[in-house]
1. For a paramagnetic label modelled at 7 Å from the Cα of His83 toward its Cβ, which residues of region 30-47 fall within the zone defined by backbone nitrogen distances under 19 Å?
2. How many times 2.2 N^0.38 Å is the alpha carbon radius of gyration of region 116-264?
3. Is region 75-173 best put as rounded, prolate or oblate by its Cα gyration tensor, with a ≥ b ≥ c the root eigenvalues, rounded for a/c under 1.5, and otherwise prolate when a/b is larger than b/c, oblate when not?
4. What is the packing order of peptides 263-274, 125-136, 12-23, taking the mean over residues of other C-beta atoms within 10 Å and listing the highest first?
5. Using just the helices of the chain, give the 222 nm mean residue ellipticity in deg cm²/dmol: DSSP H runs with n ≥ 4 each add -39,500 (n - 2.57), and the total is spread over all residues, rounded to 500.
6. Put Arg157, Arg26, Arg187, Arg243 in order of accessible area, largest first, 1.4 Å probe: what do you get?
7. Taking 0.36 nm per residue of sequence separation and subtracting the Cα-Cα distance, how much length would be gained by fully extending the chain between Asp121 and Lys46, in nm to one decimal?
8. Does anyone have the angle between helix 103-114 and the longest principal axis of the chain? Alpha-carbon axes, 0 to 90°, nearest 10?
Amino acid sequence: MLGAIEAGGTKFVCAVGNDTGQIIERIEIPTTIPAETMPQVIEFFKKYPITSIGVGSFGPIDVIKESPTYGFITSTPKPGWNHYPFVQVLKGAFSVPVGFNTDVNAAALGEATFGAAKGLDSCLYITVGTGIGAGAIVQGELLQGLSHPEMGHILVRRHPNDPYKGKCPYHHDCLEGLAAGPAIEARWGVKGDQLVDQVEVWDMEGYYIAQALMQYVLILSPKKIILGGGVIKQKQVFTFVNRYLKEFVNGYVALPELTDYIVSPGLGDNAGITGSLMLAHQALQAENHFV
Ligand code: ADP
Ligand code: ZN
(Lines give C-alpha, C1' and ligand atoms only; values in the text may rest on other atoms or scores of the structure.)
(Ligands and ions follow the chains in the order given, each with its own letter.)
Protein backbone atom coordinates (compact mmCIF):
# COMPACT_ATOMS: atom_id res chain seq x y z
CA MET A 1 0.00 0.00 0.00
CA LEU A 2 1.28 3.46 -0.93
CA GLY A 3 1.01 6.60 1.19
CA ALA A 4 0.54 10.06 -0.29
CA ILE A 5 0.59 13.58 1.12
CA GLU A 6 -0.47 16.71 -0.70
CA ALA A 7 0.94 19.36 1.60
CA GLY A 8 -0.74 22.70 0.99
CA GLY A 9 -0.57 26.00 2.81
CA THR A 10 -4.15 25.64 4.03
CA LYS A 11 -4.56 21.88 4.38
CA PHE A 12 -2.74 18.60 4.11
CA VAL A 13 -4.48 15.85 2.16
CA CYS A 14 -3.27 12.42 3.24
CA ALA A 15 -4.25 9.25 1.39
CA VAL A 16 -3.40 5.61 1.00
CA GLY A 17 -3.82 3.90 -2.33
CA ASN A 18 -2.02 1.95 -5.01
CA ASP A 19 -0.10 2.41 -8.23
CA THR A 20 -3.23 2.30 -10.35
CA GLY A 21 -4.09 5.69 -8.86
CA GLN A 22 -6.84 4.24 -6.72
CA ILE A 23 -7.36 6.11 -3.44
CA ILE A 24 -8.44 3.75 -0.67
CA GLU A 25 -8.74 6.17 2.24
CA ARG A 26 -8.25 9.91 2.42
CA ILE A 27 -8.30 12.59 5.12
CA GLU A 28 -7.73 16.33 5.31
CA ILE A 29 -5.78 17.99 8.13
CA PRO A 30 -5.51 21.77 8.59
CA THR A 31 -2.02 23.20 8.06
CA THR A 32 -1.19 24.96 11.32
CA ILE A 33 2.26 24.41 12.82
CA PRO A 34 4.30 21.22 12.31
CA ALA A 35 3.93 20.20 15.96
CA GLU A 36 0.15 20.06 15.45
CA THR A 37 -0.16 18.94 11.85
CA MET A 38 2.52 16.26 11.59
CA PRO A 39 1.41 14.04 14.51
CA GLN A 40 -2.01 13.75 12.82
CA VAL A 41 -0.34 12.87 9.51
CA ILE A 42 1.74 10.18 11.20
CA GLU A 43 -1.23 8.82 13.15
CA PHE A 44 -3.18 8.40 9.88
CA PHE A 45 -0.45 6.42 8.11
CA LYS A 46 0.32 4.25 11.17
CA LYS A 47 -3.01 2.50 10.54
CA TYR A 48 -1.82 1.08 7.21
CA PRO A 49 1.00 -1.18 6.03
CA ILE A 50 2.54 1.45 3.77
CA THR A 51 5.63 0.56 1.73
CA SER A 52 6.55 4.11 0.68
CA ILE A 53 5.28 7.68 0.90
CA GLY A 54 5.06 10.35 -1.80
CA VAL A 55 4.89 14.03 -0.90
CA GLY A 56 3.79 16.87 -3.14
CA SER A 57 4.54 19.95 -1.08
CA PHE A 58 4.08 23.69 -1.07
CA GLY A 59 7.46 25.32 -1.39
CA PRO A 60 10.03 26.35 -1.99
CA ILE A 61 11.50 22.96 -1.14
CA ASP A 62 14.88 21.31 -1.56
CA VAL A 63 14.55 18.52 -4.13
CA ILE A 64 18.26 18.01 -4.83
CA LYS A 65 19.24 14.59 -3.47
CA GLU A 66 22.89 15.54 -2.88
CA SER A 67 22.04 18.67 -0.91
CA PRO A 68 22.51 18.70 2.88
CA THR A 69 19.00 20.11 3.20
CA TYR A 70 17.37 17.67 0.75
CA GLY A 71 13.78 17.01 1.81
CA PHE A 72 13.37 20.32 3.60
CA ILE A 73 10.74 22.99 3.08
CA THR A 74 13.15 25.91 2.76
CA SER A 75 12.32 29.62 2.73
CA THR A 76 8.58 29.74 3.43
CA PRO A 77 7.18 32.55 5.57
CA LYS A 78 4.69 30.07 7.05
CA PRO A 79 5.34 29.95 10.83
CA GLY A 80 7.11 26.75 11.88
CA TRP A 81 7.62 25.39 8.37
CA ASN A 82 10.68 27.42 7.47
CA HIS A 83 13.65 25.07 7.10
CA TYR A 84 11.47 22.11 8.07
CA PRO A 85 12.98 18.62 7.48
CA PHE A 86 9.83 17.06 6.03
CA VAL A 87 11.34 13.91 4.50
CA GLN A 88 13.54 13.26 7.54
CA VAL A 89 10.53 13.43 9.88
CA LEU A 90 8.60 10.92 7.73
CA LYS A 91 11.56 8.57 7.42
CA GLY A 92 12.05 8.76 11.19
CA ALA A 93 8.45 7.69 11.74
CA PHE A 94 8.11 5.02 9.03
CA SER A 95 11.52 3.81 7.74
CA VAL A 96 10.17 3.60 4.17
CA PRO A 97 11.31 5.32 0.95
CA VAL A 98 9.92 8.84 0.59
CA GLY A 99 9.41 10.61 -2.74
CA PHE A 100 9.46 14.39 -2.48
CA ASN A 101 8.53 17.03 -5.03
CA THR A 102 6.49 20.20 -5.43
CA ASP A 103 2.69 20.15 -5.23
CA VAL A 104 2.45 21.26 -8.85
CA ASN A 105 4.98 18.72 -10.09
CA ALA A 106 2.96 16.04 -8.29
CA ALA A 107 -0.20 17.30 -9.97
CA ALA A 108 1.53 17.26 -13.37
CA LEU A 109 2.60 13.67 -12.72
CA GLY A 110 -0.93 12.67 -11.68
CA GLU A 111 -2.45 14.24 -14.77
CA ALA A 112 0.17 12.70 -17.08
CA THR A 113 -0.40 9.25 -15.60
CA PHE A 114 -4.16 9.11 -15.15
CA GLY A 115 -5.70 12.47 -16.07
CA ALA A 116 -6.03 14.93 -18.93
CA ALA A 117 -2.51 14.21 -20.23
CA LYS A 118 -2.73 10.42 -19.83
CA GLY A 119 -0.37 8.67 -22.19
CA LEU A 120 1.56 11.83 -23.05
CA ASP A 121 5.26 12.19 -22.22
CA SER A 122 4.88 15.95 -21.88
CA CYS A 123 2.48 18.27 -20.11
CA LEU A 124 2.29 21.38 -18.02
CA TYR A 125 0.12 21.77 -14.91
CA ILE A 126 -0.55 25.30 -13.67
CA THR A 127 -2.40 26.30 -10.57
CA VAL A 128 -3.83 29.77 -10.10
CA GLY A 129 -4.90 29.99 -6.48
CA THR A 130 -3.36 31.66 -3.43
CA GLY A 131 -0.18 31.62 -5.49
CA ILE A 132 0.69 30.64 -9.02
CA GLY A 133 2.92 27.68 -9.73
CA ALA A 134 3.47 25.19 -12.47
CA GLY A 135 4.92 21.73 -12.81
CA ALA A 136 6.04 20.09 -16.00
CA ILE A 137 6.70 16.68 -17.44
CA VAL A 138 9.30 16.93 -20.19
CA GLN A 139 10.31 13.85 -22.17
CA GLY A 140 8.60 11.67 -19.59
CA GLU A 141 10.36 13.16 -16.54
CA LEU A 142 9.46 15.83 -14.01
CA LEU A 143 11.36 18.97 -14.88
CA GLN A 144 14.17 19.72 -12.44
CA GLY A 145 17.46 21.56 -12.70
CA LEU A 146 19.37 23.56 -10.14
CA SER A 147 16.13 23.31 -8.17
CA HIS A 148 12.48 22.94 -9.09
CA PRO A 149 10.96 25.48 -11.50
CA GLU A 150 9.12 28.50 -10.08
CA MET A 151 7.07 29.41 -13.10
CA GLY A 152 4.62 31.64 -11.23
CA HIS A 153 7.13 34.44 -10.77
CA ILE A 154 7.86 35.27 -14.40
CA LEU A 155 7.57 38.83 -15.59
CA VAL A 156 4.60 39.81 -17.72
CA ARG A 157 3.58 42.87 -19.67
CA ARG A 158 1.11 44.98 -17.74
CA HIS A 159 -2.47 45.32 -18.96
CA PRO A 160 -3.00 48.90 -20.20
CA ASN A 161 -5.96 49.32 -17.79
CA ASP A 162 -4.21 47.91 -14.72
CA PRO A 163 -2.73 50.40 -12.27
CA TYR A 164 -2.51 47.81 -9.45
CA LYS A 165 1.04 47.68 -8.11
CA GLY A 166 1.12 43.93 -7.57
CA LYS A 167 1.18 41.68 -4.53
CA CYS A 168 4.38 39.62 -4.75
CA PRO A 169 6.66 40.53 -1.82
CA TYR A 170 9.71 39.78 -3.96
CA HIS A 171 8.82 41.22 -7.40
CA HIS A 172 5.57 43.16 -6.94
CA ASP A 173 4.16 42.80 -10.46
CA CYS A 174 5.32 39.35 -11.52
CA LEU A 175 2.65 36.95 -12.81
CA GLU A 176 1.71 35.78 -9.30
CA GLY A 177 1.76 39.37 -8.05
CA LEU A 178 -0.77 40.41 -10.69
CA ALA A 179 -2.91 37.34 -11.31
CA ALA A 180 -3.12 35.05 -8.24
CA GLY A 181 -6.30 35.07 -6.13
CA PRO A 182 -5.01 37.58 -3.53
CA ALA A 183 -4.01 40.01 -6.32
CA ILE A 184 -7.51 39.83 -7.79
CA GLU A 185 -8.96 40.55 -4.36
CA ALA A 186 -6.56 43.44 -3.70
CA ARG A 187 -7.14 45.02 -7.12
CA TRP A 188 -10.94 44.79 -7.24
CA GLY A 189 -11.70 44.99 -3.51
CA VAL A 190 -13.55 41.66 -3.18
CA LYS A 191 -12.70 38.01 -3.67
CA GLY A 192 -12.83 36.47 -7.14
CA ASP A 193 -15.97 34.46 -6.45
CA GLN A 194 -17.83 37.78 -5.92
CA LEU A 195 -16.75 39.06 -9.34
CA VAL A 196 -18.39 36.47 -11.56
CA ASP A 197 -20.27 39.03 -13.68
CA GLN A 198 -17.42 41.51 -14.08
CA VAL A 199 -16.14 40.74 -17.55
CA GLU A 200 -13.14 43.09 -17.26
CA VAL A 201 -11.82 41.06 -14.32
CA TRP A 202 -11.64 37.83 -16.31
CA ASP A 203 -10.47 39.57 -19.43
CA MET A 204 -7.50 40.97 -17.49
CA GLU A 205 -6.91 37.62 -15.82
CA GLY A 206 -6.88 35.91 -19.22
CA TYR A 207 -4.49 38.56 -20.54
CA TYR A 208 -1.93 37.70 -17.85
CA ILE A 209 -2.35 33.93 -17.91
CA ALA A 210 -2.12 33.87 -21.71
CA GLN A 211 1.22 35.69 -21.60
CA ALA A 212 2.52 33.09 -19.19
CA LEU A 213 1.23 30.26 -21.35
CA MET A 214 2.86 31.74 -24.42
CA GLN A 215 6.20 31.72 -22.64
CA TYR A 216 5.74 28.19 -21.35
CA VAL A 217 4.69 27.03 -24.81
CA LEU A 218 7.69 28.64 -26.47
CA ILE A 219 10.18 27.31 -23.92
CA LEU A 220 8.80 23.87 -23.01
CA SER A 221 6.49 23.03 -25.91
CA PRO A 222 4.13 20.97 -23.73
CA LYS A 223 1.73 18.57 -25.43
CA LYS A 224 -1.09 19.47 -23.03
CA ILE A 225 -1.71 22.39 -20.67
CA ILE A 226 -3.79 21.80 -17.56
CA LEU A 227 -5.14 24.79 -15.69
CA GLY A 228 -6.23 24.28 -12.08
CA GLY A 229 -6.59 26.16 -8.80
CA GLY A 230 -9.35 28.18 -7.15
CA VAL A 231 -9.33 31.11 -9.58
CA ILE A 232 -9.84 28.76 -12.55
CA LYS A 233 -13.16 27.70 -11.02
CA GLN A 234 -14.23 30.73 -13.11
CA LYS A 235 -14.50 28.78 -16.34
CA GLN A 236 -14.93 32.00 -18.29
CA VAL A 237 -11.18 32.54 -17.87
CA PHE A 238 -10.58 29.89 -20.56
CA THR A 239 -12.33 32.01 -23.20
CA PHE A 240 -10.04 34.98 -22.55
CA VAL A 241 -6.91 32.85 -22.16
CA ASN A 242 -7.54 31.21 -25.52
CA ARG A 243 -8.37 34.49 -27.23
CA TYR A 244 -5.22 36.27 -25.98
CA LEU A 245 -2.92 33.29 -26.49
CA LYS A 246 -4.01 33.10 -30.12
CA GLU A 247 -3.48 36.84 -30.49
CA PHE A 248 -0.03 36.85 -28.82
CA VAL A 249 1.35 33.77 -30.59
CA ASN A 250 -0.01 35.23 -33.83
CA GLY A 251 0.45 32.06 -35.85
CA TYR A 252 4.19 31.79 -35.18
CA VAL A 253 3.94 28.25 -33.77
CA ALA A 254 1.22 25.81 -34.72
CA LEU A 255 -0.91 24.90 -31.72
CA PRO A 256 -3.61 22.25 -31.39
CA GLU A 257 -7.24 23.35 -31.13
CA LEU A 258 -7.06 25.43 -27.94
CA THR A 259 -10.24 24.09 -26.34
CA ASP A 260 -8.59 20.66 -26.49
CA TYR A 261 -5.08 21.88 -25.64
CA ILE A 262 -5.75 24.00 -22.55
CA VAL A 263 -8.00 22.03 -20.23
CA SER A 264 -9.18 21.52 -16.65
CA PRO A 265 -7.62 18.75 -14.56
CA GLY A 266 -8.93 15.34 -15.62
CA LEU A 267 -8.60 14.21 -12.00
CA GLY A 268 -10.37 17.31 -10.66
CA ASP A 269 -9.25 18.10 -7.11
CA ASN A 270 -7.40 14.77 -6.90
CA ALA A 271 -4.57 15.62 -9.33
CA GLY A 272 -2.09 16.46 -6.57
CA ILE A 273 -2.84 13.57 -4.24
CA THR A 274 -2.89 11.06 -7.13
CA GLY A 275 0.46 12.39 -8.33
CA SER A 276 1.78 12.05 -4.78
CA LEU A 277 0.77 8.37 -4.88
CA MET A 278 2.86 8.06 -8.04
CA LEU A 279 5.78 9.77 -6.29
CA ALA A 280 5.46 7.06 -3.63
CA HIS A 281 5.41 4.42 -6.37
CA GLN A 282 8.52 5.91 -7.99
CA ALA A 283 10.34 6.10 -4.64
CA LEU A 284 9.61 2.43 -3.99
CA GLN A 285 10.77 1.42 -7.47
CA ALA A 286 13.98 3.43 -7.12
CA GLU A 287 14.71 1.73 -3.80
CA ASN A 288 14.07 -1.76 -5.18
CA HIS A 289 16.21 -0.99 -8.18
CA PHE A 290 19.24 -0.36 -5.96
CA VAL A 291 18.83 -3.32 -3.59
P1 ADP B 1 -4.66 27.17 -2.51
O2 ADP B 1 -3.97 27.92 -3.60
O3 ADP B 1 -4.48 27.82 -1.18
O4 ADP B 1 -4.33 25.72 -2.50
P5 ADP B 1 -7.11 27.52 -4.04
O6 ADP B 1 -6.51 26.88 -5.25
O7 ADP B 1 -8.51 27.19 -3.70
O8 ADP B 1 -6.23 27.22 -2.75
O9 ADP B 1 -6.96 29.07 -4.25
C10 ADP B 1 -7.50 30.01 -3.36
C11 ADP B 1 -7.65 31.35 -4.09
O12 ADP B 1 -8.57 31.17 -5.17
C13 ADP B 1 -8.20 32.44 -3.22
O14 ADP B 1 -7.50 33.64 -3.49
C15 ADP B 1 -9.67 32.54 -3.63
O16 ADP B 1 -10.17 33.87 -3.53
C17 ADP B 1 -9.63 32.10 -5.08
N18 ADP B 1 -10.88 31.43 -5.45
C19 ADP B 1 -11.39 30.31 -4.89
N20 ADP B 1 -12.57 29.96 -5.44
C21 ADP B 1 -12.81 30.89 -6.40
C22 ADP B 1 -13.87 31.08 -7.34
N23 ADP B 1 -14.92 30.28 -7.40
N24 ADP B 1 -13.76 32.15 -8.18
C25 ADP B 1 -12.70 32.98 -8.13
N26 ADP B 1 -11.69 32.85 -7.26
C27 ADP B 1 -11.73 31.82 -6.40
ZN1 ZN C 1 7.06 37.13 -7.67
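1. Zone members listed by number: 33-35.
2. Here the Cα radius of gyration is 1.00 times the empirical estimate.
3. oblate
4. Per-residue mean Cβ counts within 10 Å order the peptides as 125-136, 263-274, 12-23.
5. So the helix-based figure for the chain works out to -11500 deg cm²/dmol.
6. Arg157, Arg243, Arg26, Arg187
7. Extra length available between Asp121 and Lys46 comes to 23.5 nm.
8. 90
The values are calculated or read from the model by the stated rules, or taken from the named source; none is laboratory data. Everything numeric here is computed off the predicted structure, so don't read it as measured data. Note: ideal-geometry Cβ built from the backbone for every residue, glycine included; neighbour counts use all protein chains shown. Accessible surface is based on the protein model in full, side chains and every heavy atom, while ligands, DNA and RNA are left aside. Shrake-Rupley method; radii C 1.70, N 1.55, O 1.52, S 1.80 Å.
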